[in-house]
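The values are calculated or read from the model by the stated rules, or taken from the named source; none is laboratory data. It should be emphasised that the depicted structure is a prediction, and the values quoted were computed from it without experimental measurement. Here the Cβ is made from the backbone with ideal geometry for all residues, glycine too, and neighbour counts use every protein chain on show. Just so you know, the surface numbers come from the protein's heavy atoms only, side chains and all, with ligands and any DNA or RNA stripped out. Shrake-Rupley method; radii C 1.70, N 1.55, O 1.52, S 1.80 Å.
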Amino acid sequence: MTRLDRRTVLGATAATVAAVALMGGMTAAKAEYPEKPVTLVIPYKAGGSTETMARIYSKALAKELGANVIVKTRPGAGGAVGASEVAAAKADGYTLLFAASTSLMWPPLTQKVSYDLDSFIYVGQITEYQQAIVAKADAPFNTMAELIAHAKKNNLNFADQSAMSRSYINFIGGQEGVKWTGIPTKGGGEMVPFLLGGKIDFAWSGGIHNRYGDKMKVLASMNAGRLLGSPDVPSVSEKYGVSMPSQAVIVVPKGTPDAVVSKLEMAMEAASKDKDFGDLVTNKLKFPVKFVGSKALQADIAKTTEGLKQVIEKTK
C-alpha cells in the first residue's frame, strides 16, 4: 500500500469515527427526557378541585420540564378507571397520574381492580386535601369528644358519602362504643344542604367545608396532621393512630427509570412554587401548598396504608 493509500484509509477511518461519535451524541441528546408532550391523567370529572388544580399546575410543570403537558380526564369508579389506565401505560415518564392518594390505595384493598399498591412510583406530593369531621355551626357539640358524648345519649345521623369515609366514621364509633346511622348522600354537593338543612348531624368533608366557614365548624381533622384553617383542632391520628389518605400526588407506572423520576421530581418541586398555582390552592381552595419528594412521600404512603388496613379490618 502506497503512502497516499494509507493516508486515504486513515482519513476515511477518522471520518467514520467522528461520524459515529457525532451520531452517538445526537442519539444521547435526542433521548434526553422529555422529548415529546407529557400526558397528565386526572381520574375525576372536570370541574372538581383536583382537575382545577391540574389545569393550573400543568402549565407550571410544562415550563419546568420544557415540554407540553396535556391534561386528560378519565373519570370513573372513584378514580380507579384513570389509575388503571396509567398503571398499564408504558413506564417511560410520558404518562403521569395526578390524583388523591385514596384512589391508589383504597380500591386495591377493597375491590377488584387491575392495579395494586405496588403498581406506581410516587414522584411527589404538591398539596393535601383538608379532610375533616364537620357539623353545623349551631350544633350542640364543638369538639369530637363532645360529639361522641352526645352520640351516647342521642341517635345521630351522618352523611354516608363513600365506603371509605363511612369506614373511618364507623371505626371511630367502634373505638368509642357508639353507633350512628349513615344517610346516603352523593358527595359534598348533597352533603352540604343535608347538613345545613338539619337532615344529618355531622359529616365527613374532603375540603368543601372551607367554603362555608361561618356555617360549619370543624370537629376533627381526618388527616395525619392538623388542618391549615383549623390549627387548634386535633387530628384523629392524635387519638386513634390512624388517618385518611390526604395526599394529592403525581405518580408514574412502576418501572419508570430513576433518572426520569428524578427529573420529574425536581420539576414538580419548582412548579409547586408557581404564583398562580399558589393563589388557587391557598386563597381559593384553602389547601396548603405542600411539596413532598419521592422518598419521603413513599414512607408517608406506607404509614398511611398501615392505618388504612387497620380501619378496613376493624370495620368489615
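Within segment 107-122, track down each residue that is over 25 Å from residue 257 (Cα atoms), part of a helix (DSSP H, G or I) and open to solvent by 30 Å² or more (accessible area, probe 1.4 Å).
Answer for segment 107-122, where residues must be over 25 Å from residue 257 (Cα atoms), part of a helix (DSSP H, G or I) and open to solvent by 30 Å² or more (accessible area, probe 1.4 Å): 109, 110.
Restricting to segment 286-313, count the residues that are touching a Gly at 6+ places or on another chain (Cβ under 7 Å) and over 13 Å from residue 245 (Cα atoms).
Residues meeting the conditions: 7.
How many residues, within segment 123-139, are open to solvent by less than 10 Å² (accessible area, probe 1.4 Å), in a strand (DSSP E or B) and either in contact with a Pro (Cβ under 9 Å, 6 or more places away or on another chain) or not β-branched (Val, Ile, Thr) (or both)?
Residues meeting the conditions: 5.
Of all residues being part of a loop (DSSP other than H, G, I, E, B) and modelled with pLDDT of 95 or more in segment 250-287, which is most open to solvent (accessible area, probe 1.4 Å)? Just the residue, please.
Across segment 250-287, the extreme among qualifying residues is 273.
Suppose we filter segment 33-58 for residues that are open to solvent by 20 Å² or more (accessible area, probe 1.4 Å) and free of Cβ contacts under 8 Å to residues at least 60 places away in the same chain; how many remain?
Selection size over segment 33-58: 10.
Give me the pairs, please: first residue somewhere in segment 284-296 and farther than 16 Å from residue 263 by Cα, second residue anywhere and among the charged types (D, E, K, R) and open to solvent by less than 30 Å² (accessible area, probe 1.4 Å), beta-carbon distance under 7 Å, and either six or more positions apart or on two chains.
Going by the 7 Å Cβ cut-off, the qualifying pairs are 287/128; 288/128; 290/128.
Tell me which of these residue 206 doesn't satisfy, since it passes every other one: (1) open to solvent by less than 50 Å² (accessible area, probe 1.4 Å); (2) modelled with pLDDT of 95 or more.
Every listed condition holds for residue 206 apart from (2).
Considering 148, 200, which residue is assigned to a helix (DSSP H, G or I) and not aromatic (Phe, Trp, Tyr)?
Selected residue: 148, the only one of 148, 200 that is assigned to a helix (DSSP H, G or I) and not aromatic (Phe, Trp, Tyr).
Filter segment 272-286 down to residues that are among the hydrophobic types (A, V, I, L, M, F, W, C) and either farther than 21 Å from residue 230 by Cβ or touching an Asp or Glu at 6+ places or on another chain (Cβ under 7 Å) (or both), then give me how many there are.
Within segment 272-286, residues that are among the hydrophobic types (A, V, I, L, M, F, W, C) and either farther than 21 Å from residue 230 by Cβ or touching an Asp or Glu at 6+ places or on another chain (Cβ under 7 Å) (or both) number 1.
I'd like to verify a number: residues in segment 161-197 that are open to solvent by less than 40 Å² (accessible area, probe 1.4 Å), more than 15 Å from residue 207 (Cα to Cα) and β-branched (Val, Ile, Thr), how many?
4
Residues checked against (1) free of Cβ contacts under 8 Å to residues at least 40 places away in the same chain; (2) among the aliphatic types (A, V, I, L, M):
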position	(1), (2)
232	yes, no
240	no, no
249	no, yes
257	no, no
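Go through segment 59-115 and count every residue that is closer than 30 Å to residue 314 by Cα and either free of Cβ contacts under 8 Å to residues at least 12 places away in the same chain or of a type in the set (Asp, Glu) (or both).
Of the residues in that region, 2 qualify.
Taking into account only those residues within segment 238-249 that are farther than 23 Å from residue 78 by Cβ and either in a loop (DSSP other than H, G, I, E, B) or touching a Ser or Thr at 6+ places or on another chain (Cβ under 9 Å) (or both), which is modelled with the highest pLDDT? Quick ask: steps written out before the conclusion?
Of the residues in segment 238-249, the ones farther than 23 Å from residue 78 by Cβ are 238-241.
Among the residues that remain, those that are also either in a loop (DSSP other than H, G, I, E, B) or touching a Ser or Thr at 6+ places or on another chain (Cβ under 9 Å) (or both) are: 238, 241.
Details: 238: 95, 241: 92.
Ranking the qualifying residues of segment 238-249, first place goes to 238.
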